[in-house]
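The values are calculated or read from the model by the stated rules, or taken from the named source; none is laboratory data. Values in this document were obtained by computation on a predicted structure and should not be read as measured data. Don't worry about glycine lacking a Cβ; one is built from the backbone with ideal geometry, like all the others, and counts go over all protein chains shown. All accessible areas refer to the heavy atoms of the entire protein, side chains included, with ligands and DNA or RNA removed. Shrake-Rupley method; radii C 1.70, N 1.55, O 1.52, S 1.80 Å.
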Amino acid sequence: MKITVIGTGWVGLTTAAVFAFLGNDVIGYDVNEKLIGQLRAGRVPFFEPHLEELTREGLACRRLSFTTDIGAALSTAEIIFLAVGTPPTSDGRGVEMSFVSRAATVIGENLRPGKLRVVVNKSTVPVGSNGWVDSFIRQGLAQQGDAGPVDFVVASNPEFLREGSAIADTFYPDRVVIGATDARAIEALTRLYHPILMQDFTPPFFLPRPAGRGKVPLVVVDPVTAELIKYAANAFLSTKISFINEIANLCDFVGANVKDVARGIGLDHRIGEAFLNAGIGWGGSCFPKDVIALIREAEAYGYEAKLLKATYEVNAAQRFVVIRKLQEVLKTVRGKTIGILGLAFKPNTDDLRGAPALDIIRKLGELGAIVRAYDPVAMHRCRAEAPDLPASYANDIYNLATGADALVLVTEWEEFTQANWVDIARLMRTPVVIDGRNALNKKYLEGLGFVYRGVGV
């Protein structure tokens, strides 16, 4: 099929690269000329496992191309994905929709009479945005004058991707959700997703199909329901994490082990084991933004989403648990050298949006600590995006540990969990580890002479 993806950020580029791999002709459009130049050269300016190699393969096969010419991007398109950014508003109380409205208007200004075009909301947008996008496309069409009838329909197709595993999540999703009432849009999107739904495509060599992976469920609903499914999914996962962190904090008081508690409740099939890893809580751009957006959506109808408010508040406080644990062990952090293991909000990404590490470092700076930090991939981005961060940067974990009074594990990179902790103990001034992700082996580290503090363990 002929596909155009408007926006070549994380979601847009992942969508473009995967559908090109599956045999479609895909054009990625963006207004950022520098970004398009990088992508044409096969360079992805952010870190996502396998995305660069998949992009290069699409370019080499000539099934994937990039342009800043919107007319050329839309001229042959059957399906147009809207994958532009929807960041929080400056006051944090809403979703910034100006990128979506502008993109929808530009689509309308450049659509020409002919075949049906299915415009698909891939961006995470507030409930009810399907009709809103439709209206902006029509405004764009009106600016063309009497160009003849243009046949288009707007549908919703929310993404459920995790940073660090976006390619796998696209090839092997738990479900595909299509929000549309027009039968032609449903048919077109079902046809596009057919290889994924049937799981009958040949997988890339670097990402084989998981054992036992069967057909993927297709959920066809109206657009409003599809938009709410996206928000509800993220809100539920956020709530699950905040819940287990509440239990972890209680475990610290009563002497229980939250890992054992999580296993004991997770084996109940009604609960499940996923997202029951206690620690310093969730970060990133999606969970905080989507929880807040759902709270505000409820408020617009006069409803107070008390559970979602508590979910957000618990998470906001949770990242500072490691500060309290440092103070319990060191008594004061003033003048102490604290090493921060990890800057990205999760492993296998360089994304710093909502990263707990940044808040922890700033708080430690306020308390007078000398902070050093190390991350395998995110330090260059951190220097650029947070130049005022009160921290210096180490070359590796061993450089970070040299002379440190304590290390705080914030991002559970494999490089940290598999490090040589015998050498690290020798390098530190005092061997103290605060494990904010419960990712290290407590007994092993204590056997090496470390003072170990986890969260609820």
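For His194, the solvent-accessible surface with a 1.4 Å probe is about 90 Å², rounded to the nearest 10. The calculated FRET efficiency for Thr225 paired with Ala41, based on their beta-carbon distance and R0 = 41 Å, is about 0.50. Note that the range 271-325 presents 45 Å² accessible area per residue, ligands and nucleic acids not counted, probe 1.4 Å. Sorted largest first by accessible area at a 1.4 angstrom probe radius, with every protein chain in place, the residues Met198, Met428 fall in the order Met198, Met428. In this structure, His269 and Thr402 have a Cβ-Cβ separation that, at R0 = 56 Å, corresponds to a calculated FRET efficiency of about 0.70.
Round to a whole angstrom and tell me the spacing of the C-alpha centers of the range 381-410 and the range 289-360. Cα centres, the range 381-410 to the range 289-360: 19 Å. Relative to the longest principal axis of the Cα atoms of the chain, the long axis of helix 321-330 lies at roughly 20 degrees.
Within the assembled protein chains, the solvent-accessible surface assigned to Lys259 is about 100 Å², based on a 1.4 Å probe. Net charge dipole, the range 167-229: roughly 280 debye, given to the nearest 20, about the Cα centre with Cβ charges of +1 for Lys and Arg and -1 for Asp and Glu.
Where nothing but the Cβ of Lys and Arg (+1) and of Asp and Glu (-1) is charged, how large is the charge dipole of the range 315-358 around its Cα centre, in debye to the nearest 20? Walk me through the numbers on the way to the answer.
On the way: 8 positive and 3 negative charges, 52 e Å.
Its charge dipole is roughly 240 debye.
As a quick test, which of the pairs Lys230/Lys346; Lys331/Lys443; Lys122/Lys325 have an alpha carbon distance above 32 angstrom in this structure?
On the way: Lys230/Lys346 21 Å; Lys331/Lys443 23 Å; Lys122/Lys325 41 Å.
Result: Lys122/Lys325 exceed 32 Å.
With all protein chains in place and ligands, DNA and RNA left out, the 1.4 Å accessible area ranks Leu237, Leu330, Leu228, Leu267 as Leu267, Leu228, Leu237, Leu330, largest first. Computed packing ranks the peptides 382-394, 170-182 as 170-182, 382-394, most packed first, by mean other Cβ atoms within 10 Å.
Can you compute the charge dipole magnitude of the chain about its Cα centre, using +1 on each Lys and Arg Cβ and -1 on each Asp and Glu Cβ, nothing else charged? Give it in debye, rounded to the nearest 20.
In debye, rounded to 20, the chain gives about 640.
Centre-to-centre separation between the Cα atoms of the range 423-452 and those of the range 1-71: 43 Å.
Return the FRET efficiency for the residue pair Asp260, Trp132: r is the Cβ-Cβ distance, R0 is 60 Å, and the value is rounded to the nearest 0.05. Before the final figure, lay out the partial values.
On the way: r = 48 Å, r/R0 = 0.80.
After rounding, the FRET efficiency stands at 0.80.
Among the chymotrypsin sites (Phe, Trp or Tyr not before Pro) within the range 293-341, those in coil by DSSP and having at most 11 neighbouring Cβ atoms inside 10 Å are Tyr301, Tyr303.
Residue by residue, the range 427-437 carries 3J(HN,Hα) couplings of 7, 7, 5, 9, x, 10, 10, 9, 9, x, 10 Hz when phi is fed to the Karplus relation 6.51 cos²θ - 1.76 cosθ + 1.60 (θ = phi - 60°); x denotes Gly or Pro.
Solvent-accessible area of the chain (1.4 angstrom probe, protein heavy atoms only): carbon and sulfur portion equals 54 percent.
Full extension of the segment from Thr68 to Thr190, taken as 0.36 nm per residue of separation minus the current Cα-Cα distance, would add 41.1 nm.
Computed on protein heavy atoms with a 1.4 Å probe, the accessible areas place Lys336, Lys331, Lys363 in the order Lys331, Lys363, Lys336, largest first. All other residues whose Cβ lies under 9 angstrom from that of Trp10 are scored, Lys and Arg at +1 and Asp and Glu at -1, for a net of -3.
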